[in-house]
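Here the structure is laid out as C-alpha cells; the discussion comes afterwards.
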C-alpha cells in the first residue's frame with residue numbers, strides 16, 4: 001500500500017539509493033577488513049616488527065587482559081564521561097556566546113579580535129594554568145575539553161548567524177518583526193545545517209581536548225593508558241587505547257549523523 005504513494009520513477013530512485021548505500025557500506029567494511037588483514041599478515045611474516053606496530057591479534061589480547069583486570073570499562077568510562085561533559089558544555093556555552101555576539105554588534109566588534117587570538121593560541125600552553133585552577137582531577141580535563149571546543153563553536157555558529165539571507169531579514173523587518181522574533185523564526189532555523197556541520201567537527205575537537213587533558217594530568221582514562229604505555233614501552237597498550245578511541249569517536253560521530261537525519265525528517269514534515 002505504501003509503494004502506491006510513490007511514482008515508478010521515485011521507487012526506482014529509492015531502489016538505486018539503497019543499492020548505492022549498500023555498496024558504500026560494503027566497501028567501507030571491506031577496506032577496514034583488508035587493512036586489518038594486511039596489518040596482521042605483515043607482523044606474522046616479519047615484514048613489520050610487532051613490538052613497534054602491534055597487530056590486531058595482540059590488540060585483542062590486550063583488550064582481553066584489561067577486561068580480566070576489571071580496568072577496561074573503567075578507563076573507557078572515565079574518558080567517555082569527560083569527553084561527553086566537555087562536549088555538551090562547549091556546545092551550550094559556545095552557542096549562547098555566538099547568539100550574544102549576533103545580538104550585539106558592538107559586543108561582536110569588541111570581542112572578535114580576542115576570539116581570533118584565542119583560537120590561534122596553542123591550548124596545550126594553558127595546561128599548567130588549568131592544573132593550578134582546577135586541580136589534577138577530571139575537572140581539569142573537562143575544562144581543557146571545553147577550552148579546545150568552545151572557540152570553534154563560537155566562530156562557526158556566529159558565521160552561520162551572520163550569513164542569514166539579507167532579503168529574508170529585510171522582509172521580516174518590513175513586517176515589523178522584533179529582533180527576538182527574527183532570531184527565533186529565521187536566524188536559528190536557517191542555521192540548522194551549519195549547526196550539524198559544527199557538531200561533526202566539535203566531536204573530533206572534544207576527543208582531542210579530553211585526551212590532551214589526560215596527557216597533562218590524569219590517573220585514569222584512555223589518554224592515561226597511552227601515556228603510561230609509552231613510558232614503559234608497552235606499545236600494544238598504546239595501540240589498544242588508540243583503537244578504542246577511534247571506535248568511540250566513530251560512535252559519537254554517528255550519533256550526530258542520526259541527529260542530522262532526525263532534524264532533516266522533522267524539517268520535511
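The values are calculated or read from the model by the stated rules, or taken from the named source; none is laboratory data. Quick caveat: nothing in here was measured; it's all calculated off a predicted structure. Please note: Cβ atoms are built from the backbone with ideal geometry, for glycine as well, and neighbour counts cover all protein chains shown.
Within the range 108-121, one or more residues are without any contact (Cβ under 8 Å) to a residue 12 or more places away in the chain, outside any helix (DSSP H, G or I) and surrounded by fewer than 15 Cβ atoms within 10 Å (Cβ to Cβ).
Only one of the numbered conditions (1) modelled with pLDDT under 90; (2) closer than 15 Å to residue 86 by Cα is not met by residue 185, and that is (2).
Quick one: is residue 71 within 18 Å of residue 234 (Cβ to Cβ) and surrounded by fewer than 16 Cβ atoms within 10 Å (Cβ to Cβ)?
Here the answer is yes, as residue 71 does meet what is asked.
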